[in-house]
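Reading through the structure tokens given below for one structure.
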Amino acid sequence: MSLPLKHCYVIGSPIAHSRSPFIHRLFAEQFDLALRYEKKEVQPGTLLETLDTFRQLGASGINVTVPLKEEAYQLAHYRHPRAQAAGAANTLWFDESGRLQADNTDGVGLVRDLAFLDIDFTQSRILVLGAGGAARGILPELARHNRHRITVANRSLARAAALPQAGDFELVPLDTAFPQPFDLVINATSASLTAQAAPAFSATAVGPETCCYDLSYAHGDTLFLAWARTRGVTKCHDGLGMLVEQAAEAFRLWHGRAPQTRSVVTALRHRL
């Protein structure tokens, strides 16, 4: 007896580059789950109409990427605690009454990948570069596990001040000179994603023992990681593992099953 087909989407703009359909197909194969997962370009301001269509089609789940995460959060009927902490949502679904549920799996995706990579995110002094939607998703979860005040560096302090207050953060200008290197520096800016120059922050933030992690990913080093290597950093990791881990948590929320992730990370790395 065949299982009923489930239909899920990933939405955002741009969306053509999304690896989510490939990731979720591999997850579904682990459980012989009949799944159709599609990409859909959605512009800001049109999300409500799109979600109404998905509801009528009986969608099982929707992943949300830039620039729609905050709009998705605002439209939800129920916001789960992780979404509330971030003030943004990357995972949506409809309950039995047709109400829109919102969660955010970015933070848990990051800490699971850091744990797999054996990167200490509980005792480390952490610097996060950027205060946009990517930072909003990861900061509450990082702060929940870390015993130090996390430093957030951004060009606009006004933008940084708008971050959710679910944690102990120090907000500083992006070009701040630091007295000593951080243990972990996380790039949450869009510089690598948009192929711009590496974030213009002070080289005093990194040293030979610093670990650098970029939320973006690429074939080879991202711009940020390439810059870090020129400063003597040897522990460099991109966000491909985080991408798969946050997707796995969304899959679990929608389908009630927790997929294995590391074989999917390997398969995705081969496709880059």
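The values are calculated or read from the model by the stated rules, or taken from the named source; none is laboratory data. All values reported here derive from a predicted model rather than from experimental measurement. Cβ atoms come from the backbone with ideal geometry, glycine included; neighbour counts cover every protein chain shown.
Tell me, yes or no, whether region 66-85 has at least one residue that is over 17 Å from Gly12 (Cβ atoms), in a loop (DSSP other than H, G, I, E, B) and at pLDDT below 95. Checked against the condition, which is being over 17 Å from Gly12 (Cβ atoms), in a loop (DSSP other than H, G, I, E, B) and at pLDDT below 95, region 66-85 yields no hits at all. When residues in region 165-195 are screened for being loosely packed, with under 15 Cβ neighbours inside 10 Å, modelled with pLDDT of 85 or more and within 17 Å of the chain's Cα centre (by Cα), 0 of them pass. Of all residues in region 255-272, at least one satisfies being modelled with pLDDT under 90 and closer than 24 Å to Pro67 by Cα.
Scanning region 47-83 for residues that are surrounded by fewer than 21 Cβ atoms within 10 Å (Cβ to Cβ) and touching a residue at least 60 places away in the same chain (Cβ under 8 Å) turns up Ser60, Val66, Pro67, Glu70.
If you go through region 1-33 and keep only what is within 19 Å of the chain's Cα centre (by Cα), closer than 17 Å to Gln260 by Cα and either loosely packed, with under 12 Cβ neighbours inside 10 Å or among the hydroxyl-bearing types (Ser, Thr, Tyr) (or both), you end up with just Ser20.
Can you find a residue in region 34-45 that is over 18 Å from the mean Cα position of the chain (by Cα) and under 30 Å from His145 (Cβ atoms)? There is no residue in region 34-45 that is over 18 Å from the mean Cα position of the chain (by Cα) and under 30 Å from His145 (Cβ atoms). Being touching a helix residue (DSSP H, G or I) at 6+ places or on another chain (Cβ under 9 Å), in contact (Cβ under 8 Å) with a residue 40 or more places away in the chain and of a type outside the set (Phe, Trp, Tyr) narrows it down to one of Leu272, Leu253, so name that one. The match here is Leu272. Among the residues of region 218-233, those that are at pLDDT 90 or above and either surrounded by 21 or more Cβ atoms within 10 Å (Cβ to Cβ) or of a type in the set (A, V, I, L, M) (or both) comprise Thr222, Leu223, Phe224, Leu225, Ala226, Trp227, Ala228, Val233.
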